[in-house]
1. Which one of the conditions (1) assigned to a helix (DSSP H, G or I); (2) within 7 Å of the ligand (Cβ to nearest atom) does Gln78 fail to meet, given that it meets all the rest?
2. From Ile218, Ile192, Ile150, grab the single residue that is away from the ligand (no atom under 16 Å from the Cβ) and open to solvent by 60 Å² or more (accessible area, probe 1.4 Å).
3. Identify all residues within region 25-53 that are open to solvent by 10 Å² or more (accessible area, probe 1.4 Å), over 27 Å from Pro244 (Cβ atoms) and either basic (Lys, Arg) or within 19 Å of the chain's Cα centre (by Cα) (or both); write none if there are none.
4. What pairs come out if I take residues in region 165-193 that are in contact (Cβ under 8 Å) with a residue 60 or more places away in the chain and pair them with residues that are in a helix (DSSP H, G or I) and aromatic (Phe, Trp, Tyr) whose C-beta lies under 6 Å away, six or more apart or interchain?
5. Looking at region 264-279, is at least one residue open to solvent by less than 30 Å² (accessible area, probe 1.4 Å), modelled with pLDDT of 95 or more, aromatic (Phe, Trp, Tyr) and within 16 Å of the ligand (Cβ to nearest atom)?
6. Could you say which residue among Met145, Met162, Met184 is closer than 30 Å to Lys79 by Cβ and either more than 14 Å from the ligand (Cβ to nearest atom) or open to solvent by 20 Å² or more (accessible area, probe 1.4 Å) (or both)?
7. Tally time: how many residues in region 199-215 are within 19 Å of the chain's Cα centre (by Cα) and open to solvent by 20 Å² or more (accessible area, probe 1.4 Å)?
8. Could you check region 1-18 and list, in sequence order, the residues that are more than 6 Å from the ligand (Cβ to nearest atom), of a type in the set (A, V, I, L, M) and open to solvent by 20 Å² or more (accessible area, probe 1.4 Å)?
Amino acid sequence: MERKIILITGASDGIGKETAKALAKQGHTLIIHGRNKQKTLAALEEIKKESGNDNISTLIADMLSLSEVRRMADEIKQKYNHLDVLVNNAGAQFTNQRETTVDGHEKTMTINLFAPFLLTTLLLDLLKKSKSARVVTVSSAAHSMGGKAIIDDIELKQHYSMSKSYGISKLYVIWIMRHFVSEMKRKGITNITFNTVHPGSAMTSLGRESTKSLLVKIIYTLWRPMMTTAAIGAISSINAASSPEMEDTTGKYFGEKGEEKPSEKYYSIENEQIVWDYCMKITEAYR
Ligand SMILES: NC(=O)c1ccc[n+]([C@@H]2O[C@H](COP(=O)([O-])OP(=O)(O)OC[C@H]3O[C@@H](n4cnc5c(N)ncnc54)[C@H](OP(=O)(O)O)[C@@H]3O)[C@@H](O)[C@H]2O)c1
């Protein structure tokens with residue numbers, strides 16, 4: 001198998017760490033990203049030990065800050081002359097209280113949409129230098145559970161709830177990744193594919209903030225028996241990142257067992273463009 005250079009965001013825990021272990025076992029060169037240095041170094045040791053692969057380095061950045069996303073992209077550009085695979089895995093859920101980042105953006109939209117949008121945009125030059133590059137972005141089956149996409153209130157200033165922000169951020173990221181496909185086509189760039197995946201429902205630390213609410217904690221507890229492991233949750237990411245059959249597949253949405261159809265209930269080409277333009281506008285200073 002051809003050895004690739006692969007960046008996985010949020011690889012210090014859960015599905016990202018399992019994705020990294022599997023891709024390390026395949027012998028690729030990995031860059032594992034985390035926000036906590038100690039935790040990421042511990043993950044590095046675990047991944048190295050389990051895979052026997054030493055070609056793994058770490059990258060630390062808090063992706064709730066857009067300038068940190070810019071810094072991490074700059075760091076990668078300094079160290080590598082090309083990138084074969086970007087796995088946008090880092091993601092989070094927060095509480096029912098709307099909170100904003102250092103840049104003044106709603107936190108859920110930032111980590112699940114704006115940060116992967118910005119990172120992907122900043123790394124396009126490196127991905128263009130790969131013989132055959134892939135961008136894999138972890139969405140969620142919850143993309144269809146956030147209710148109506150309120151396109152004139154993307155950051156949910158008037159309509160925030162935990163489930164709405166999580167669900168809609170995971171819907172918009174599907175639209176945005178498909179928009180990258182048309183952007184690349186428009187620019188005549190043919191070597192990069194963009195797919196989204198969902199991990200099913202896996203037992204990870206994702207609910208660390210949201211379960212501070214008693215209601216969410218009860219829902220999580222009741223749902224627990226239906227949950228799979230992080231390793232099973234990682235299957236769709238691993239396949240999209242490395243399976244030879246997916247070499248030319250682009251603009252699709254995958255689960256553990258293969259391609260699925262995402263919800264198109266609130267989709268229109270105009271809505272996709274509005275979300276794209278919004279991402280472009282708020283990240284302008286960092287590109
Ligand atoms: N678990 C599920 O059932 C499920 C279902 C659908 C979709 N997903 C998606 O799967 C992806 C992985 O989630 P998971 O379930 O594996 O959750 P997790 O165990 O909480 O892992 C999330 C990863 O993202 C990192 N991260 C979180 N906030 C960050 C920030 N501000 N800056 C940088 N890194 C940050 C975490 O770092 P720390 O280690 O420092 O916390 C961790 O490495 C997410 O995109 C999530 O939305 C999960």
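The values are calculated or read from the model by the stated rules, or taken from the named source; none is laboratory data. Everything quoted here is computed from the prediction, not taken from an experiment. Note that each Cβ is placed from the backbone with ideal geometry, even for glycine, and that neighbours are counted across all protein chains shown. Ligands, DNA and RNA are excluded from the accessible area calculation, which covers all protein heavy atoms including side chains. Shrake-Rupley method; radii C 1.70, N 1.55, O 1.52, S 1.80 Å.
1. Unmet condition: (2).
2. From the options Ile218, Ile192, Ile150, the qualifying one is Ile218.
3. Listed by number, the residues that qualify are Arg35, Asn36, Lys37, Lys39, Lys49.
4. Within 6 Å, the pairs are Ile176/Phe117; His179/Trp276.
5. Checked against the condition, which is being open to solvent by less than 30 Å² (accessible area, probe 1.4 Å), modelled with pLDDT of 95 or more, aromatic (Phe, Trp, Tyr) and within 16 Å of the ligand (Cβ to nearest atom), region 264-279 yields no hits at all.
6. Being closer than 30 Å to Lys79 by Cβ and either more than 14 Å from the ligand (Cβ to nearest atom) or open to solvent by 20 Å² or more (accessible area, probe 1.4 Å) (or both) holds for just one of Met145, Met162, Met184, which is Met184.
7. Selection size over region 199-215: 9.
8. Selection gives Met1, Ile5.
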